[in-house]
1. Answer yes if at least one residue in region 81-97 is modelled with pLDDT of 95 or more and under 15 Å from residue 161 (Cα atoms), and no otherwise.
2. Determine which single condition residue 52 fails, assuming it passes every other condition in (1) touching a helix residue (DSSP H, G or I) at 6+ places or on another chain (Cβ under 8 Å); (2) within 25 Å of residue 132 (Cβ to Cβ); (3) surrounded by fewer than 16 Cβ atoms within 10 Å (Cβ to Cβ).
3. Let me spell it out: the conditions are (1) surrounded by 17 or more Cβ atoms within 10 Å (Cβ to Cβ); (2) within 14 Å of the chain's Cα centre (by Cα); (3) assigned to a loop (DSSP other than H, G, I, E, B), and residue 20 meets all of them except one. Which number is the exception?
4. Given (1) over 17 Å from residue 175 (Cα atoms); (2) at pLDDT 95 or above; (3) buried (at least 16 other Cβ atoms within 10 Å of the Cβ); (4) touching a strand residue (DSSP E or B) at 6+ places or on another chain (Cβ under 7 Å), identify the lone condition not met by residue 120.
5. How many residues are touching a residue at least 12 places away in the same chain (Cβ under 8 Å), closer than 16 Å to residue 11 by Cβ and part of a helix (DSSP H, G or I) when one looks only at region 24-71?
6. Could you please let me know if residue 96 is surrounded by fewer than 18 Cβ atoms within 10 Å (Cβ to Cβ) and in contact with a helix residue (DSSP H, G or I) (Cβ under 7 Å, 6 or more places away or on another chain)?
7. Take region 126-161 and flag every residue that is surrounded by 19 or more Cβ atoms within 10 Å (Cβ to Cβ), within 16 Å of residue 9 (Cα to Cα) and in contact with a helix residue (DSSP H, G or I) (Cβ under 8 Å, 6 or more places away or on another chain).
8. Taking region 116-141 as the search range and keeping residues that are under 25 Å from residue 78 (Cα atoms) and in a loop (DSSP other than H, G, I, E, B), which one is nearest to the chain's Cα centre (by Cα)?
């Protein structure tokens, strides 16, 4: 059975480091048996079809293959098109402005109580909500100056990659077009 996957790469083409042309990335993903490979913007978003029914092993295979070809470590997080639709449908922070909402895609669910010491009132009106391996961030002032992700341990104690709401919507649309 074929599944549509979305690969979210961490640290690609950010700040001029770890440049990876999207044409090269599409080739690398196709080399592990992916079909209908397409990328979205220049920051490591890949939508593709694959026959694997074990996302964890496919995720590891993609990371190894891309790292070997690129010459630097490239962590990969996978979600299926169905999971992405569920993430969009489950948004806990209704907003008309997609720049205010972000999703951090975690490699695995955080330990129970991982956010218990975070003082939500200190960050208000910013807020967060966890749903399994996905962490919603409501950041009305945007991502650039917020300190909430750091307080949550994103990128330090939790392996994650974050996308803005507009990108998540576009990836879902790209996934369902296949």
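The values are calculated or read from the model by the stated rules, or taken from the named source; none is laboratory data. Note that the structure is a prediction, hence the values are computed from the model and not measured. Note: ideal-geometry Cβ built from the backbone for every residue, glycine included; neighbour counts use all protein chains shown.
1. Yes.
2. Exception for residue 52: condition (3).
3. (2)
4. Looking at each condition in turn, residue 120 falls short on (3).
5. Residues in region 24-71 being touching a residue at least 12 places away in the same chain (Cβ under 8 Å), closer than 16 Å to residue 11 by Cβ and part of a helix (DSSP H, G or I): 9 in total.
6. No.
7. 134
8. Taking region 116-141 and keeping what is under 25 Å from residue 78 (Cα atoms), we get 127-139.
From what is left, the residues that are in a loop (DSSP other than H, G, I, E, B) are 132-133, 139.
On the way: 132: 14, 133: 10, 139: 17 Å.
My answer is 133.
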